[in-house]
Amino acid sequence: MKLSPLSLLSFAVIPSFISAATIPDLAPRNGTLAKRGGEVNYLANCFRITIPNTNGYLASYMAWYSNVDNSLNRERPDSLSSEYRDWSNGGSVLKWDGVKQKIYFPDSGVTVETYIDAGANNRAFTSYAGGVLRTSDWKWFNCYR
């Protein structure tokens, strides 16, 4: 995957950060995580800037890693979704919790649907927050704040 010469500030710039992880056939829908090393998606609200310009704006993305360990090493994602902005709210970031979003990954043609529980952003860190469904193979990702 090629990323354009833009700089996305850290995915954790804005604290409304939720991640989704799955371990094939081992992660039940009750929110428990069985082991490390599986796929992971990060739902992120970011401040986007282009270099060398320092003007920017808020936008929402989803980053997919084939291996969660790569994300913990601050590597680039294996796939990055299209950019999303809520134009009904002045072009601000998407509301993830309580609102189903369809997120598209242009490099793979994959679409996912988010099912984040209402109020999930107010839960304790690492609390179960809902899920994400990859529609190409119907794989479910448990989400945690």
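The values are calculated or read from the model by the stated rules, or taken from the named source; none is laboratory data. Bear in mind the structure is a predicted one, so any value in this text is a computation, not a measurement. Heads up, the Cβs are rebuilt from the backbone with ideal geometry, glycines too, and the neighbour counts pull from every protein chain shown. Quick note on the areas: whole protein, heavy atoms, side chains included, nothing else; ligands and nucleic acids left out. Shrake-Rupley method; radii C 1.70, N 1.55, O 1.52, S 1.80 Å.
So, of the residues in the range 79-88 that are within 13 Å of N45 (Cβ to Cβ) and assigned to a loop (DSSP other than H, G, I, E, B), which turns out to be least open to solvent (accessible area, probe 1.4 Å)? So the residue we want is S81. Residue check: is V99 in contact (Cβ under 8 Å) with a residue 40 or more places away in the chain and aliphatic (A, V, I, L, M)? Considered against the rule, which asks whether it is in contact (Cβ under 8 Å) with a residue 40 or more places away in the chain and aliphatic (A, V, I, L, M), V99 comes out as no. Count of the range 41-78 residues, restricted to those that are closer than 24 Å to N89 by Cβ, in contact with a Lys or Arg (Cβ under 7 Å, 6 or more places away or on another chain), open to solvent by 20 Å² or more (accessible area, probe 1.4 Å) and not hydroxyl-bearing (S, T, Y), is 1. Output yes when any residue across the range 68-78 is of a type outside the set (V, I, T), at pLDDT below 90, out of contact with any Asp or Glu (no Cβ under 9 Å at 6 or more places or on another chain) and under 11 Å from N41 (Cα atoms), and no when none is. Yes, the range 68-78 has at least one match. Remark: pairs (first residue in the range 64-81, on the phi < 0 side of the Ramachandran plot; second residue open to solvent by 30 Å² or more (accessible area, probe 1.4 Å) and in a strand (DSSP E or B); Cβ separation under 6 Å; 6+ apart in sequence or on different chains) = P77/W64; D78/W64; S79/W64. Scanning the range 106-141 for residues that are closer than 16 Å to N45 by Cα and touching a residue at least 40 places away in the same chain (Cβ under 8 Å) yields T114, I116, A120, N121. Scanning the range 110-130 for residues that are within 14 Å of M62 (Cα to Cα) and of a type outside the set (A, V, I, L, M) returns T111, E113, T114, Y115.
When V110 is tested against (1) touching a Lys or Arg at 6+ places or on another chain (Cβ under 7 Å); (2) surrounded by fewer than 14 Cβ atoms within 10 Å (Cβ to Cβ), just one condition goes unmet, and that condition is (2).
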